[in-house]
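Just so it is clear, none of the values below were taken in a lab; they were calculated from the coordinates. Since the structure is predicted, the reported quantities are computational estimates derived from the model, not experimental observations. Ideal geometry is used to build each Cβ from the backbone, glycine not excepted, and the neighbour counts take in all protein chains shown.
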Amino acid sequence: MSRKRVVELSDDERRQCLELVSSGTAPARSIMHGQVLLKADAGPAGPAWTDRAIGEAFGVSTVTVSAIRKTMTQEGLPAALAHYRGTPGKPQRKLDGHQEAYLIAMACGEPPEGHARWSLRLLSHRMVELGYVDSVSYNTVGRVLKKTICNPGAPCASASRPNRTPPS
């Protein structure tokens with residue numbers, strides 16, 4: 001058992017883990033995390049199994065058991081039971097739909113006074129200045145604008161597009 005990460009479940013946390021494990025309706029990974037925490041519990045009501053024993057009992061590696069212990073001690077029970085923590089290597093979206101809409105509208109609009117055109121860095125700084133986000137990189141701005149027909153270095157493409165309606 002990792003001495004740095006001793007898991008001691010409160011009565012309420014133990015009850016939550018037991019309900020999760022016995023429900024059978026939660027995702028399999030969450031159920032397994034609950035089982036690991038119940039066996040790792042070093043409190044008065046817990047068995048305090050070692051990482052190796054827990055790993056053998058549930059068919060997981062000791063690294064997995066250690067990671068669950070670490071999450072429990074650092075972030076708490078909800079995080080330790082979470083079956084989905086994001087895809088490794090795939091960043092979470094920095095901007096939501098409304099923020100993206102403001103960014104696109106700004107990029108398609110007139111650049112600020114003293115600038116001939118919008119730059120990605122200028123757009124990212126303006127998003128922060130206007131309070132739409134706390135921080136955003138110019139790379140994120142570029143990825144958002146790449147999905148549109150707007151080019152921050154030129155007028156909005158939709159304004160210069162010819163009318164594509166068929167003649168009557």
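When each of the peptides 44-51, 21-28 is scored by the mean number of other C-beta atoms lying within 10 Å of its residues, the order from highest to lowest reads 44-51, 21-28. Comparing 59, 25, 78 along the charge dipole axis of the stretch 11-81, the residue lying farthest to the positive side is 59, per the Cβ-charge model.
The stretch 100-145 to the stretch 1-42: how many Å between their Cα centroids? If we compute the Cα centre of each part, the gap is 45 Å. At an R0 of 30 angstrom, the distance between the Cβ atoms of residue 147 and residue 25 translates into a FRET efficiency of 0.20. Of all aspartates and glutamates in the structure, those lying under 18 Å Cα to Cα from residue 4, and not within fewer than 8 positions of it along the same chain, are 41, 51, 75. For the stretch 129-138, 3J(HN,Hα) computed residue by residue from phi via the Karplus equation (6.51, -1.76, 1.60; θ = phi - 60°) reads 4, 7, x, 6, 9, 6, 7, 7, 7, 5 Hz, glycine and proline entered as x.
If I take R0 = 41 Å and measure r between the Cβ atoms of residue 6 and residue 130 in this structure, what FRET efficiency does the formula 1/(1 + (r/R0)^6) give, to the nearest 0.05? Provide the component values of the computation, followed by the final result.
Numbers: r = 47 Å, r/R0 = 1.15.
Computed FRET efficiency for residue 6 and residue 130 comes out at 0.30.
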